[in-house]
Amino acid sequence: MIEALNIPPVLVYLIGAALIPLMGRGRARKALLVAVAVIGLACAFSLRSQTSWVVPISGFELVFLHADRLSLIMGYIFSFIGAAAIIYSLDVVRDTGEYICGLLYLGSALGAVFAGDFFTLYVFWEIMAFSSLGLIWYSRTERAKNAGMRYIIFHLFGGCAFLAGIIIHFMNTGDIAIGPVEHGIGYLLLLIGVGVNTAFIPLHTWLPDSYPKATIAGAVFMSVYTTKTGVYVLARTFPGAEVFILGHPFHFVAYMGGLMALYGVIFALMQNDVRKLLSYHIVSQVGYMVAGIGIGTAIGINGGIAHVFNHILYKALLFMCMGAVIYRTGKMNLTELGGLAKKMPVTTIACVIAALSISGVVGFNGYISKGMIIHAAELSHMHILALALMLGSVGTFLSFLKLTYFTFFRRTDAEAVADVKEAPLSMLVAMSVTAFFCVAIGVYPKMLYMILPYVDVAMHYDAYAPGHTAGTLQLLAMTAFMFVALKVLIAPHERVTYDIDYLYRKAGRGIIWFCEKPLMAFANAIDGVLKRIADSLVWFSKNPAAASVILLTTTSTRLMRPYTSKEAEVKQLKTIEEPRERLSIGTGVLLVLLFFLLYLVVMLIHGWLAP
């Protein structure tokens with residue numbers, strides 16, 4: 001049923017995307033974008049738990065709106081950061097098509113988190129993939145074009161696995177409602193499909209490959225929706241998921257999160273491109289969320305979803321800040337940057353807040369959710385996982401000390417930054433509002449606790465327990481000392497860092513070579529044989545009598561070759577080459593009829609036609 005004001009927020013953004021081309025490129029377009037941002041935000045925050053919008057189609061009940069505590073918190077943060085990203089883009093984006101892609105991407109992500117059945121989820125899942133592709137290709141560079149192709153190939157693979165898992169799950173259960181999935185091949189296929197979007201190792205390479213090549217505003221959108229929608233679906237379908245290895249259960253999802261946290265931060269430390277550094281940190285930070293969901297306890301899921309909420313705030317803010325730097329300087333490598341603190345003070349302050357938040361510094365929002373996940377791991381006696389997550393925090397702080405120092409505070413030639421100006425007003429507004437919430441949640445975490453899935457459990461968690469706070473401060477102090485001591489070693493360098501996608505590309509080139517060389521040679525050989533057979537059949541059909549004599553004579557000659565002289569063989573071959581009279585068409589037809597008559601007589605004699 002449809003209740004007043006309880007409509008899927010996706011409709012606001014789909015309508016907005018349809019109207020954008022009619023607005024031109026002036027103030028009317030900006031006014032429409034602001035209106036879409038505000039209405040979409042109001043629509044998401046007006047939803048109430050336990051409301052739904054069900055549409056029966058062909059015997060199925062497609063649920064376009066399923067609101068509960070889990071989907072609502074995702075709707076709140078998606079619509080909020082979507083509004084901030086739209087405001088941020090007003091002075092940056094010129095192409096109407098890029099706005100259309102952004103609104104479709106935002107709308108489809110909201111459609112996915114409010115979907116109540118797997119088929120509706122799949123439709124929005126695929127719209128997300130193709131609409132986000134436009135945000136890469138609108139960079140209009142050769143590198144973006146190639147990265148976009150690799151991006152969509154990965155997501156087509158993930159989408160196919162996801163759909164196959166859905167179909168198998170439906171065939172086994174007859175149920176299309178989103179929920180936990182039974183073990184089996186459908187379970188594994190769904191996990192792979194979700195794993196692509198969630199950047200499981202080694203399915204993650206599409207992310208650091210494509211995000212740095214997206215447009216400035218497009219990268220802000222992309223930092224939010226695909227991976228976080230994957231985490232949401234993981235929470236719906238695989239909380240506390242286990243994979244049986246040699247008959248023993250293993251918390252695969254939880255430990256995959258720990259691997260992601262470490263893997264992403266190690267590669268981030270080696271990057272020179274600022275947006276590639278941030279992209280690897282998406283892999284790392286999503287690892288914390290995946291770990292919380294994989295632990296599967298109430299506090300673990302709370303921690304994972306809280307980290308989704310906080311991560312969206314500070315990661316979008318980081319991409320906004322680095323986008324502003326690129327917009328004003330035209331440079332994206334740390335080796336080319338420096339000395340921007342005085343030229344871009346608001347951007348610098350916003351970036352420092354985001355860096356402290358992602359690093360889990362006490363008093364900022366990342367500290368709240370990271371601590372909750374690590375605490376959940378300790379309560380579940382997953383001490384190796386807890387250690388991996390703490391080491392990830394050390395690497396994260398190192399990375400963002402590096403990013404902020406070499407971008408804003410390192411001394412550089414005054415002439416290099418002489419013409420640099422502060423970011424446009426629309427960018428500053430979006431960054432300032434987002435930075436405010438990073439601090440507000442860190443100072444007063446209960447404003448986040450109240451909207452988490454397990455509110456009672458959240459309210460009993462003390463983020464500022466003396467032991468936890470003291471331990472975190474000690475770890476951060478040690479990390480800061482390491483940065484000062486190792487600054488020369490971790491300074492940015494212009495070098496190529498190879499990830500697992502290097503192997504994928506090598507394998508891809510090998511497959512292409514195999515298809516173009518050996519496989520094509522084999523196909524051409526088969527084609528040649530078939531053509532010769534066809535030519536022989538045509539030759540035989542033109543004069544069957546002469547052809548039969550030639551074939552019999554040639555065969556007998558070859559068989560008798562060891563027993564005949566050379567002169568006799570030549571004489572016999574000359575006989576073959578003599579022209580023979582061809583049968584007329586009428587004679588051929590008569591012979592065929594006589595054959596069938598003889599065959600019919602034999603059948604009658606033997607009673608083969610008897611009923």
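Name the residues in segment 356-378 that are surrounded by fewer than 24 Cβ atoms within 10 Å (Cβ to Cβ) and farther than 12 Å from Thr472 by Cβ, would you?
Passing the criteria: only Glu378.
Given the condition aromatic (Phe, Trp, Tyr) and part of a loop (DSSP other than H, G, I, E, B), answer yes or no: does some residue in segment 132-139 qualify? Please lay out each step first, then the result.
Looking only at segment 132-139, we keep the residues that are aromatic (Phe, Trp, Tyr), and these are 137-138.
Imposing the further condition that a residue be part of a loop (DSSP other than H, G, I, E, B) reduces the set to 138.
Checked segment 132-139: at least one residue is aromatic (Phe, Trp, Tyr) and part of a loop (DSSP other than H, G, I, E, B).
All but one of (1) at pLDDT below 95; (2) farther than 22 Å from Tyr280 by Cβ; (3) among the small types (Gly, Ala, Ser) hold for Gly395, so report the exception by its number.
Status for Gly395: all satisfied but (2).
Given the options Gly107, Gly97, Gly159, name the one that is in contact (Cβ under 8 Å) with a residue 24 or more places away in the chain and farther than 24 Å from Thr237 by Cα.
Numbers: Gly107 fails: farther than 24 Å from Thr237 by Cα; Gly159 fails: farther than 24 Å from Thr237 by Cα.
Residue meeting the stated conditions: Gly97.
Considering only residues that are touching a Phe, Trp or Tyr at 6+ places or on another chain (Cβ under 9 Å) and part of a helix (DSSP H, G or I), which ones fall in segment 410-427? Walk me through it before giving the result.
At the first step, the residues of segment 410-427 found to be touching a Phe, Trp or Tyr at 6+ places or on another chain (Cβ under 9 Å) are 423-424, 426-427.
The answer is Ser426, Met427.
Would you pick out the residues in segment 437-466 that are assigned to a loop (DSSP other than H, G, I, E, B) and either under 18 Å from Ser357 (Cβ atoms) or in contact (Cβ under 8 Å) with a residue 40 or more places away in the chain (or both)? First the steps, then the outcome.
From segment 437-466, those assigned to a loop (DSSP other than H, G, I, E, B) are 444-445, 450-454, 460-465; that's our starting set.
Within segment 437-466, Tyr444, Pro445, Ile451, Leu452, Pro453, Tyr454, Tyr461, Ala463, Tyr464 qualify.
Of everything in segment 326-355 that's of a type in the set (Val, Ile, Thr) and either within 17 Å of Ile368 (Cβ to Cβ) or surrounded by fewer than 24 Cβ atoms within 10 Å (Cβ to Cβ) (or both), which residue is modelled with the lowest pLDDT? Before you say what the answer is, go through the steps one by one.
Taking segment 326-355 and keeping what is of a type in the set (Val, Ile, Thr), we get 326, 329, 335, 346-349, 352-353.
Among the residues that remain, those that are also either within 17 Å of Ile368 (Cβ to Cβ) or surrounded by fewer than 24 Cβ atoms within 10 Å (Cβ to Cβ) (or both) are: 326, 329, 335, 346, 348-349, 352-353.
Details: Ile326: 95, Thr329: 92, Thr335: 89, Val346: 96, Thr348: 96, Ile349: 96, Val352: 96, Ile353: 97.
The qualifying residue modelled with the lowest pLDDT is Thr335.
Among the candidates Met447, Met431, which residue alone is in contact with a Cys (Cβ under 8 Å, 6 or more places away or on another chain), modelled with pLDDT of 85 or more and in the same structural domain as Ala386 (by TED's automatic domain parsing)?
On the way: Met447 fails: in contact with a Cys (Cβ under 8 Å, 6 or more places away or on another chain).
Being in contact with a Cys (Cβ under 8 Å, 6 or more places away or on another chain), modelled with pLDDT of 85 or more and in the same structural domain as Ala386 (by TED's automatic domain parsing) holds for just one of Met447, Met431, which is Met431.
What are the pairs with Cβ atoms under 6 angstrom where one residue, in segment 183-195, is touching a residue at least 60 places away in the same chain (Cβ under 8 Å) and not assigned by TED's automatic domain parsing to the domain that holds Leu156 and the other, located anywhere, is among the β-branched types (Val, Ile, Thr) and surrounded by fewer than 20 Cβ atoms within 10 Å (Cβ to Cβ)? Sequence gap at least six, or different chains.
Note: no pairs meet the criteria.
Of all residues in segment 34-64, how many are surrounded by 14 or more Cβ atoms within 10 Å (Cβ to Cβ) and among the hydroxyl-bearing types (Ser, Thr, Tyr)?
2
Output yes when any residue across segment 29-47 is over 19 Å from Val123 (Cβ atoms), within 30 Å of the chain's Cα centre (by Cα) and in a loop (DSSP other than H, G, I, E, B), and no when none is.
Looking through segment 29-47, at least one residue is over 19 Å from Val123 (Cβ atoms), within 30 Å of the chain's Cα centre (by Cα) and in a loop (DSSP other than H, G, I, E, B).
If you check Ile293, Ile282, Ile358, Ile266, which single one turns out to be modelled with pLDDT of 95 or more, of a type outside the set (Gly, Ala, Ser) and out of contact with any Gly (no Cβ under 6 Å at 6 or more places or on another chain)?
Numbers: Ile293 fails: out of contact with any Gly (no Cβ under 6 Å at 6 or more places or on another chain); Ile358 fails: out of contact with any Gly (no Cβ under 6 Å at 6 or more places or on another chain); Ile266 fails: modelled with pLDDT of 95 or more.
From the options Ile293, Ile282, Ile358, Ile266, the qualifying one is Ile282.
Quick one: in segment 484-537, which of the residues that are in a helix (DSSP H, G or I) and basic (Lys, Arg) is nearest to Leu207 (Cα to Cα)? Steps first, answer last, please.
Residues of segment 484-537 that are in a helix (DSSP H, G or I), as a first pass: 484-486, 501-537.
Retained after the next criterion (residues that are basic (Lys, Arg)): 505-506, 509, 517, 531-532.
Working: Arg505: 15, Lys506: 19, Arg509: 21, Lys517: 32, Lys531: 48, Arg532: 51 Å.
Per the criteria, the residue is Arg505.
For segment 130-154, which positions are under 21 Å from Thr237 (Cβ atoms) and at pLDDT 95 or above? I'd like the intermediate steps shown before the answer.
Keep residues of segment 130-154 that are under 21 Å from Thr237 (Cβ atoms), which gives 154.
Within segment 130-154, no residue meets the criteria.
From the list Thr407, Thr434, Thr469, pick out the single residue that is part of a helix (DSSP H, G or I), within 25 Å of Gly296 (Cα to Cα) and touching a residue at least 12 places away in the same chain (Cβ under 8 Å). Even if it seems obvious, please write down each step before you answer.
Details: Thr407 fails: within 25 Å of Gly296 (Cα to Cα); Thr434 fails: within 25 Å of Gly296 (Cα to Cα).
Only one candidate passes the filter, namely Thr469.
Would segment 170-185 turn up any residue that is surrounded by 23 or more Cβ atoms within 10 Å (Cβ to Cβ) and assigned to a helix (DSSP H, G or I)?
Checked segment 170-185: no residue is surrounded by 23 or more Cβ atoms within 10 Å (Cβ to Cβ) and assigned to a helix (DSSP H, G or I).
Quick test for you: out of Tyr502, Tyr454, pick the one residue that is modelled with pLDDT under 85, of a type in the set (Phe, Trp, Tyr), surrounded by 11 or more Cβ atoms within 10 Å (Cβ to Cβ) and at negative phi. Give the derivation first.
Values: Tyr454 fails: modelled with pLDDT under 85.
From the options Tyr502, Tyr454, the qualifying one is Tyr502.
Are there any pairs with C-beta distances below 6 angstrom linking a residue in segment 410-423 that is closer than 19 Å to Cys321 by Cα and modelled with pLDDT of 85 or more to a residue that is of a type in the set (D, E, K, R) and assigned to a loop (DSSP other than H, G, I, E, B), with the two at least 6 apart or on different chains, and if so which?
That search, which allows pairs on different chains as well, returns Val420/Lys343.
The values are calculated or read from the model by the stated rules, or taken from the named source; none is laboratory data. Predicted model only: the values in this text are computed from it and were never measured. Glycine also receives a Cβ, built like all others from the backbone with ideal geometry; neighbour counts cover every protein chain displayed.
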